[in-house]
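Asker: Right, I'll just put the structure down here and ask away after.
The values are calculated or read from the model by the stated rules, or taken from the named source; none is laboratory data. Computed from a prediction, not measured in an experiment: that's the story for all the values here. Cβ: placed from backbone, ideal geometry, glycine included. Neighbour counts: every protein chain shown. Each accessible area value is taken on the protein alone, full model and side chains, heavy atoms only, with ligands, DNA and RNA left out. Shrake-Rupley method; radii C 1.70, N 1.55, O 1.52, S 1.80 Å.
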Amino acid sequence: QVQLVESGGGLVRPGGSLRLSCATSGGTLIRGAMGWFRQAPGKERGFVAAIDWSGDVRYYEHSVRGRFTISRDNDKRTVYLQMNSLTPEDTAVYYCAARYSSVPSADDAYDYWGQGTQVTVSS
């Protein structure tokens, strides 16, 4: 059974940066794509970014494009989300997700999910 554990969330001022990490353990995700999603209070969970196994294909939700960068280190079985120029609208619980398919996706068709890490952007 694959397990995903997010870390790196916290409180940051507007304009600041955070780097989220998602470490995978157990099981085998052969050439699997991974993604980041977020859920703000009172809103449905939505797509943030996704990456294929090689790291060559990356997708971003339009509001984070140019500010967030998704990357992965397959040797460490970890995916990252570098978040810059944060605004209060980025406040949410951030979830990482993994799937067996090598194709990254903006929908929620992922096989495994983490428990989430809180990101709060406030002055």
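Asker: Residue check: is residue 77 of a type in the set (D, E, K, R), open to solvent by 40 Å² or more (accessible area, probe 1.4 Å), under 23 Å from residue 107 (Cβ atoms) and modelled with pLDDT under 95?
Answerer: No: the conditions fail for residue 77.
Asker: Of the residues that make up region 89-97, is at least one modelled with pLDDT of 95 or more and over 18 Å from residue 7 (Cβ atoms)?
Answerer: Of all residues in region 89-97, those modelled with pLDDT of 95 or more come to 89-97.
In the following step, the residues that additionally are over 18 Å from residue 7 (Cβ atoms) were identified as 89.
The answer is yes, given that some residue of region 89-97 is modelled with pLDDT of 95 or more and over 18 Å from residue 7 (Cβ atoms).
Asker: Considering region 59-74 alone, what residues qualify as being under 19 Å from residue 102 (Cβ atoms) and surrounded by fewer than 17 Cβ atoms within 10 Å (Cβ to Cβ)?
Answerer: Of everything in region 59-74, those that are under 19 Å from residue 102 (Cβ atoms) and surrounded by fewer than 17 Cβ atoms within 10 Å (Cβ to Cβ) turn out to be 71, 73, 74.
Asker: In addition: Taking region 73-123, which residues are part of a loop (DSSP other than H, G, I, E, B), among the polar types (S, T, N, Q) and farther than 13 Å from residue 51 by Cβ?
Answerer: 84, 85, 87, 91, 115, 122, 123 - these are the residues of region 73-123 that are part of a loop (DSSP other than H, G, I, E, B), among the polar types (S, T, N, Q) and farther than 13 Å from residue 51 by Cβ.
Asker: Separate question: Exactly one condition in (1) modelled with pLDDT under 95; (2) touching a Lys or Arg at 6+ places or on another chain (Cβ under 9 Å); (3) open to solvent by 70 Å² or more (accessible area, probe 1.4 Å) is not met by residue 28; state its number.
Answerer: Here residue 28 clears every test but (2).
Asker: Additional query: Return the residues of region 31-53 that are open to solvent by 60 Å² or more (accessible area, probe 1.4 Å) and of a type in the set (Gly, Ala, Ser); say none if nothing qualifies.
Answerer: Within region 31-53, just 42 meets the criteria.
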